[in-house]
Amino acid sequence: MADCCHEKTTHRDDETKKKLINRLARIEGQIRGIRAMVEKDAYCPDILTQSSAVSAAVNAFNRELISRHINGCVVDSIRSGDDSVVDELCETLQKLMK
């Protein structure tokens, strides 16, 4: 993987960045759709269905990002002798699992 952490930033190749941004754009569109449904007094279960889809989309985004982080930043840091990244990863996973 081309990802590598330096001073709390991560370089992403153009393809990776594009994929992540496209996922976020879809999520933004879903959120705008939910807002429109609320504004139009849509039926609650219909809104909840869309909200559930947004949650699933955010979870998919998080899985992709954490996978890239582990396979890039974490692996690179451990290989260079910095195992403090493992504690940071554990903290991050705990936040994601709330």
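The values are calculated or read from the model by the stated rules, or taken from the named source; none is laboratory data. Since we're looking at a predicted model, the values are computed, not measured. Cβ: placed from backbone, ideal geometry, glycine included. Neighbour counts: every protein chain shown.
Values for this structure:
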item: Qualifying residue in the range 30-47 (condition: surrounded by 10 or more Cβ atoms within 10 Å (Cβ to Cβ) and within 18 Å of the chain's Cα centre (by Cα)); result: yes
item: Breaking point among (1) more than 13 Å from the chain's Cα centre (by Cα); (2) modelled with pLDDT of 95 or more; (3) closer than 25 Å to Thr9 by Cβ; (4) not hydroxyl-bearing (Ser, Thr, Tyr), for Ile21; result: (1)
item: Exclusive hit being over 15 Å from the mean Cα position of the chain (by Cα), within 20 Å of Arg23 (Cα to Cα) and without any contact (Cβ under 8 Å) to a residue 24 or more places away in the chain, set Ser67, Ser51, Ser55; result: Ser51
item: Number of the exception - Lys98 against (1) in a loop (DSSP other than H, G, I, E, B); (2) surrounded by 13 or more Cβ atoms within 10 Å (Cβ to Cβ); result: (2)
